[in-house]
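Novice: Supplied in structure tokens, the structure appears directly below.
The values are calculated or read from the model by the stated rules, or taken from the named source; none is laboratory data. Please read these numbers as outputs of a predicted model, since none were measured by experiment. All Cβ positions, glycine included, derive from the backbone under ideal geometry; neighbour counts span all protein chains shown. For accessibility, only protein heavy atoms count, side chains too; no ligands or nucleic acids. Shrake-Rupley method; radii C 1.70, N 1.55, O 1.52, S 1.80 Å.
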Amino acid sequence: MARILTGIQASGKPHLGNILGAILPAVELSKNEKNESFLFIADLHSMTTVKDAQQLTENTQAVAAAWLACGFDTEKNYFYRQSRLAGYHTELMWYLNCLTPYPMLANAHSFKDKSDKLADVNAGLFTYPVLQAADIVLYQAEYVPVGKDQKQHLEMSKDIAAAFNRTYGDAFVLPEPKIDETVMTIPGIDGQKMSKSYGNYIDIFLPEKQLYKVIKKIVTDTTPLEEPKNPDTCNVFALYNLMASEEQVKEMRQNYEGGNYGYGHAKKALHELILEKFAKQRELYNYYMENLDELEAKLQEGERKAELIAKQTMETVRKLLGFIS
Ligand code: ATP
Ligand code: MG
């Protein structure tokens, strides 16, 4: 049996990038009888960017509802909030902090990228990969499916876990990233990586009209309606291409190249495609957001199950560290 772990931050509403890049592939893997999946909401990580308690709670609910809407089976698997097991996660993070070389963190692409873009460059952002390593090895995860943007972080997790094993003795399974090469980094409405914290995302669970408003904001060039357009440099086309059938993509390409087809038309087609593709998920998402008690009950049950494993790992770790005789 393979143990698989995936986390998503509660730094904003779950978006198309998260869904195509992480949630749907993780749900697929979790359906395999041979796999045991740990899916958690990284609400401690989100504190690096979200400083509003109400916002954090709402984002957490939205991310949890998205997992359930995409078909995650919480009975077979593990479903929990990092914050509810914070004692284990942050204690382990401290131990791992003391084994993590400073330059490893200073050279992280994601840190450099975020510190360029965000006004609040805090220590949490810097030590983010160490908490991530703790999240993973605490549950002895073997595989971590992630988008390409997380590849380096995963390499760091493995290095940090290996450093612990070398220094104190074997405590951790060394995690391997599982990167689906067919899923690219999905662009946001401004063409940069779609990210919750960059505010450039498409929340596919928005009510129809609001969703359309966001789609209308996708940045395009100013080629006039009559003229032919290059689909390969257009964000709208790129997003459409990720979800549409081969036939639909072919048709859209012809529309672009033929002229007399405006970006407004393409945006309308993208809106319709999202509504059609995610109809079932949108309905389920709304159900859970209106029945938060049910959502909460599933999380608490998951947290009870996850704690049993976290506790076991921490007992081994504390013994190896000489904290338990
Ligand atoms: P933040 O801006 O707070 O970092 P995020 O939108 O990048 O948020 P994360 O919670 O960091 O989302 O990542 C959750 C999962 O979603 C990861 O597996 C990550 O690889 C994947 N993911 C995030 N953004 C994209 C994207 N644009 N395309 C594909 N996968 C993505
Ligand atoms: Mg991210």
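Novice: If you plug each phi of the range 297-310 into the Karplus form 6.51 cos²θ - 1.76 cosθ + 1.60 with θ = phi - 60°, what whole-Hz ³J(HN,Hα) values come out, in order, with x for Gly and Pro?
Specialist: In residue order, the calculated couplings are 4, 5, 5, 5, 5, x, 5, 4, 5, 5, 4, 4, 6, 4 Hz.
Novice: Rounded, prolate or oblate for the range 171-325? Axes are the square roots of the Cα gyration tensor eigenvalues, ordered a ≥ b ≥ c, and the cut-off for rounded is a/c under 1.5.
Specialist: Note, shape of the range 171-325 comes out prolate.
Novice: Need one number: % antiparallel among DSSP beta bridges in the chain, to the nearest 5.
Specialist: Bridges in the chain that DSSP calls antiparallel: roughly 5 percent.
Novice: For the chain, just say rounded, prolate or oblate: build the C-alpha gyration tensor, square-root its eigenvalues into a ≥ b ≥ c, call rounded for a/c under 1.5, and beyond that prolate if a/b exceeds b/c, oblate if not.
Specialist: prolate
Novice: Okay, moving on. Please give the net charge around Asn230, taking every other residue with its beta carbon less than 9 angstrom from that of Asn230, where Lys and Arg add +1 and Asp and Glu add -1.
Specialist: -2
Novice: If Cys98, Cys234 are ordered by their accessible area, calculated over protein heavy atoms with a 1.4 Å probe, which sequence runs from highest to lowest?
Specialist: From most exposed to least exposed: Cys98, Cys234.
Novice: Please report the relative contact order for the range 27-171, taking Cα pairs under 8 Å with a sequence separation of at least 6, and give it as a percent rounded to a whole number.
Specialist: Reported as a whole number, the value is 25 percent.
Novice: Using amide H atoms built 1.01 Å from N in the peptide plane, name the residues 5+ places from Gly7, or on other chains, whose amide H lies under 5 Å from its own.
Specialist: So Gly7 has HN proximity to Phe40.
Novice: Can I ask one more? Long-range amide H contacts for Ile204: which residues qualify at under 5 Å (H placed 1.01 Å from N, peptide plane, sequence gap of 5 or more or a different chain)?
Specialist: Leu16
Novice: Quick check on packing: order 121-130, 238-247 by the mean number of other C-beta atoms within 10 Å, highest mean leading.
Specialist: 121-130, 238-247
Novice: On to the next question. Around Lys178, which amide H atoms from residues at least 5 apart in sequence, or from another chain, sit under 5 Å from its own amide H, with H modelled in the peptide plane?
Specialist: Val144, Val146
Novice: How large is ³J(HN,Hα) for each residue in the range 27-39, as worked out from phi by the Karplus curve 6.51 cos²θ - 1.76 cosθ + 1.60 (θ = phi - 60°), to whole Hz, x for Gly and Pro?
Specialist: 5, 4, 4, 5, 6, 5, 4, 7, 9, 10, 10, 10, 10
Novice: Here is a follow-up. From the cross-link list Lys148/Lys178; Lys209/Lys268; Lys114/Lys213, which pairs have alpha carbons spaced over 19 Å apart?
Specialist: Lys114/Lys213
Novice: Turning to a different aspect of this structure: So which aspartates and glutamates pass the test for Lys280, namely a Cα distance under 17 Å, with those fewer than 8 places away in the same chain ruled out?
Specialist: Output for Lys280: Glu28, Asp73, Asp203, Glu208, Glu272, Glu290.
Novice: Pulled fully out, how much extra length does the chain show between Asp159 and Gln192, if you take 0.36 nm times their separation in residues and subtract their Cα-Cα distance?
Specialist: 9.0 nm
Novice: Find the centroid of the Cα atoms in the range 196-231 and in the range 154-171, then give the distance between the two in whole Å.
Specialist: Here the two parts' Cα centres lie 43 Å apart.
Novice: Gaussian network model of the chain, Cα springs within a sub-10 Å range: biggest mean-square fluctuation belongs to which of Asp180, Asp113, Asp73?
Specialist: Among Asp180, Asp113, Asp73, the largest GNM mean-square fluctuation belongs to Asp113.
Novice: Using Cα-Cα distances under 8 Å and only pairs 6 or more residues apart, what relative contact order does the chain have, in percent?
Specialist: The value is 22 percent.
Novice: Also: Once label points are set 7 Å from the Cα along Cα→Cβ at both Glu307 and Glu91, what is their separation, rounded to one decimal in nm?
Specialist: Modelled inter-label distance: 1.3 nm.
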